[in-house]
Protein chains: 2
Amino acid sequence: MSERPATGTHNGSGTGTTARRRGRPPRTESADTRDRILTAARDEFSERGYEKTSVRGIAKTAGVDSALVHHYFGTKEQVFEAAITQAFGPALQAPKAVEEGPLDGVGERLARFFFGVWENPATRTPLLAIVRSAVTNETAAAVFRRIVATQVLRRIAGRLDLPDGELRAELAAAQLVGTAMLRYVIKVEPLASADAEQIIARLAPVVQGHLTGP
Amino acid sequence: MSERPATGTHNGSGTGTTARRRGRPPRTESADTRDRILTAARDEFSERGYEKTSVRGIAKTAGVDSALVHHYFGTKEQVFEAAITQAFGPALQAPKAVEEGPLDGVGERLARFFFGVWENPATRTPLLAIVRSAVTNETAAAVFRRIVATQVLRRIAGRLDLPDGELRAELAAAQLVGTAMLRYVIKVEPLASADAEQIIARLAPVVQGHLTGP
């Protein structure tokens with residue numbers, strides 16, 4: 001991953017207004033600052049919820065001026081979108097797991113990819129923070145919906161090339177997302193402590209069935 | 001439903017400290033007050049989140065004295081548990097859908113029951129409020145987990161009578177819960193607007209497979 005989807009500047013589904021700034025500082029310096037702002041944003045959104053988070057509060061936590069946050073990202077909604085895109089970075093690679101290989105084994109590849117992301121605390125923690133914001137606020141849900149729909153679900157559906165491809169991709173995603181909810185958020189046993197390989201083995205045929213079944 | 005699971009006084013999985021109060025007021029009067037407190041509690045927990053909700057705030061919203069809230073329900077955690085049990089009342093009937101009939105059609109009965117509850121705004125709204133609290137707070141998640149595990153999942157597993165019955169029930173629940181998340185919370189299309197019968201038709205064999213498949 002040499003190019004991180006962290007800055008929101010090359011986010012194809014974004015609102016576009018933060019993209020393609022001219023004359024921005026050289027990558028190394030600005031990337032650090034942007035990362036720091038986005039990490040602060042994630043923490044603020046997660047702790048306070050979307051509504052109670054302000055650009056000023058994010059700036060304070062990141063130790064920068066509010067103007068710099070606006071300069072890099074724009075409005076609060078755009079900061080949120082960039083923070084989601086960063087937190088979602090690893091998960092946004094899901095379509096690759098679908099595209100790289102035959103449709104035959106797609107269920108297992110997707111389930112394995114999904115739990116690879118969720119089993120790793122470094123990728124799970126930011127993901128959880130964003131999911132929490134999206135579940136509790138309508139604006140946050142809308143941003144989340146747009147990113148998931150355009151960057152994950154639609155791409156998977158495109159690979160399927162079936163008239164009901166999007167619905168299939170969504171029902172497959174529902175099985176995976178629901179399992180993540182019960183395992184990592186609600187932590188219901190025995191699912192929470194079950195071996196990840198056992199879960200992948202059980203879900204692979206279900207995901208496969210949703211995507212390519214009759 | 002002549003006996004409502006709203007008061008926490010006959011909740012087998014509860015902490016038990018609020019149960020079996022002696023000398024409480026006659027049913028009709030007290031039931032009204034208790035309902036009002038629980039509805040206020042649901043609104044407060046949903047709007048403010050678990051942490052920022054206080055028994056005093058709930059009492060104020062319900063138009064009663066804090067002491068009365070403590071009298072009926074006990075601690076904040078116990079009020080939350082009672083509110084969940086009330087909001088969850090309809091969903092807690094899920095095991096009946098499993099128990100009443102042959103295992104053969106259990107996938108369809110359960111999927112139909114589940115979407116019956118979620119499609120009805122009167123039962124969906126309180127459910128959503130509680131799910132939001134449970135996703136954003138660890139104490140709330142623990143209460144939610146205990147109720148779902150003991151009153152829904154374990155009973156469904158009991159009917160299956162298989163060594164991995166609980167894991168099966170949880171993976172089936174994950175498919176349904178994940179679909180509800182994407183359809184009613186994140187509202188991703190085409191799933192959000194799809195006909196409920198179409199979704200039931202697609203999920204029934206998946207749920208059946210989880211519960212009784214090889």
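Of the residues making up the stretch A:30-65, those that are within 14 Å of chain B (Cβ to nearest Cβ) and without any contact (Cβ under 8 Å) to a residue 12 or more places away in the chain are A:Glu47, A:Arg48, A:Lys52.
Of A:Val117, A:Val135, A:Val143, A:Val98, all but one fail to be on the phi < 0 side of the Ramachandran plot, touching an Asp or Glu at 6+ places or on another chain (Cβ under 6 Å) and not assigned by TED's automatic domain parsing to the domain that holds A:Gly49; the exception is A:Val143. Within the stretch A:181-214, restricting attention to residues that are of a type in the set (Gly, Ala, Ser) and at pLDDT 95 or above, the residue that is farthest from B:Arg202 (Cα to Cα) is A:Ser193. Contact map, the stretch B:132-144: first residue touching a residue at least 60 places away in the same chain (Cβ under 8 Å), second residue open to solvent by 50 Å² or more (accessible area, probe 1.4 Å), Cβ cut-off under 8 Å, separation 6 or more or different chains; pairs are B:Arg132/A:Thr136; B:Thr136/A:Arg132; B:Thr136/A:Thr136; B:Asn137/B:Glu51; B:Thr139/B:Glu77; B:Val143/B:Glu77.
Consider B:Arg202 carefully, then state whether it is of a type in the set (Lys, Arg), more than 18 Å from A:Pro190 (Cβ to Cβ) and within 11 Å of chain A (Cβ to nearest Cβ). Here the answer is yes, as B:Arg202 does meet what is asked. Every condition in (1) at the interface with chain A (Cβ under 10 Å from one of its Cβ atoms); (2) within 30 Å of A:Glu44 (Cβ to Cβ); (3) open to solvent by 20 Å² or more (accessible area, probe 1.4 Å) is met by B:Arg183 except one, and the failing one is (3).
What about A:Val143, is it at pLDDT below 95 and open to solvent by less than 40 Å² (accessible area, probe 1.4 Å)? Here the answer is yes, as A:Val143 does meet what is asked. Pairing residues of the stretch B:75-104 that are among the hydroxyl-bearing types (Ser, Thr, Tyr) with residues that are open to solvent by less than 50 Å² (accessible area, probe 1.4 Å), at Cβ distances under 7 Å and at least 6 apart in sequence or on separate chains, gives B:Thr85/B:Pro5; B:Thr85/B:Ala6; B:Thr85/B:Gly8; B:Thr85/B:Asn11; B:Thr85/B:Ile147. So, in the stretch A:136-168, exactly how many residues are closer than 17 Å to A:Gly209 by Cα and facing chain B (nearest Cβ under 9 Å)? Summing the residues that are closer than 17 Å to A:Gly209 by Cα and facing chain B (nearest Cβ under 9 Å) in the stretch A:136-168 gives 5. What do you reckon, is A:Ala122 surrounded by fewer than 15 Cβ atoms within 10 Å (Cβ to Cβ), among the hydrophobic types (A, V, I, L, M, F, W, C), under 23 Å from A:Asp195 (Cα atoms) and free of Cβ contacts under 8 Å to residues at least 24 places away in the same chain? Yes; evaluated as a whole, the condition is true for this residue.
I need a count of the residues in the stretch B:186-201 that are surrounded by 19 or more Cβ atoms within 10 Å (Cβ to Cβ) and either in a helix (DSSP H, G or I) or not β-branched (Val, Ile, Thr) (or both). Counting residues in the stretch B:186-201 that are surrounded by 19 or more Cβ atoms within 10 Å (Cβ to Cβ) and either in a helix (DSSP H, G or I) or not β-branched (Val, Ile, Thr) (or both) gives 3.
The values are calculated or read from the model by the stated rules, or taken from the named source; none is laboratory data. Owing to the predicted nature of the structure, the values given are computational and were not obtained by experimental measurement. Ideal geometry is used to build each Cβ from the backbone, glycine not excepted, and the neighbour counts take in all protein chains shown. For the accessible areas, the whole protein counts, side chains as well, though only heavy atoms, and no ligand, DNA or RNA atoms are used. Shrake-Rupley method; radii C 1.70, N 1.55, O 1.52, S 1.80 Å.
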